[in-house]
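Notes to accompany the following structure.
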Amino acid sequence: MTDDLVFKALAAPTRRRLLDRLFERDGRTLTELESELEMTRFGVMKHLQVLEEAGLVITRRSGREKLHFLNPVPIQLIHDRWVSKYTQRQVSALTELKHDLEEQQ
C-alpha cells in the first residue's frame, strides 16, 4: 500500500461515504452498502475494489457472504506522515485566526 493509492481512494466522495458507513457499523455486505447509495451494484463493487487495493477495506467471507471491514491504519499513517507535522502551534493559531475572521464577516 502506498500513499498514492490511499490519496486516490480518499479522493472520491462515494468512497469516503462507503468508509463512513463502515465506520458507523463494520462488517457490512455489498448488498447493505449498495442499498445506501444511488448507483449500480457494479459501481459499488468498483469503489470497494479501489478501497481494498489501498488497504482501507478488508474483506472476510462468512458462509456465502463477503463482509467488508474498515481498516483505519492507512489513514492514520497518512495523518502521521502528512498532517501531524502541520499541526504545530503556529499553524493552529493561524487557522484559529482565520476562523475567527470568517465568523466576523
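Pairs are defined by a Cβ separation below 8 Å, a sequence spacing of at least 6 or placement on different chains, a first member in region 20-38 that is over 13 Å from Val57 (Cα atoms) and without any contact (Cβ under 8 Å) to a residue 24 or more places away in the chain, and a second member that is of a type in the set (Ser, Thr, Tyr) and surrounded by 14 or more Cβ atoms within 10 Å (Cβ to Cβ); the pairs so defined are Leu37/Thr14.
Note on region 39-59: residues that are in contact (Cβ under 8 Å) with a residue 12 or more places away in the chain and of a type in the set (D, E, K, R) amount to 1.
This table checks each residue for (1) surrounded by 11 or more Cβ atoms within 10 Å (Cβ to Cβ); (2) touching a Gly at 6+ places or on another chain (Cβ under 7 Å).
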position	(1), (2)
Pro13	no, no
Gly27	yes, no
Gln49	yes, no
Glu53	yes, no
Lys66	yes, no
Pro74	yes, yes
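Checking the conditions here, which among Leu5, Leu70, Leu37 is hydrophobic (A, V, I, L, M, F, W, C) and out of contact with any Gly (no Cβ under 9 Å at 6 or more places or on another chain)? Show your work before the answer.
Values: Leu5 fails: out of contact with any Gly (no Cβ under 9 Å at 6 or more places or on another chain); Leu37 fails: out of contact with any Gly (no Cβ under 9 Å at 6 or more places or on another chain).
Only one candidate passes the filter, namely Leu70.
When the residues of region 33-79 are filtered to those that are in a helix (DSSP H, G or I), among the polar types (S, T, N, Q) and under 21 Å from Lys8 (Cβ atoms), the one that is nearest to the chain's Cα centre (by Cα) is Gln76.
We did not get these values from a lab; they are worked out from the coordinates using the rules stated. Predicted model, so just to flag it, every value in this text is computed and none were measured. Cβ atoms come from the backbone with ideal geometry, glycine included; neighbour counts cover every protein chain shown.
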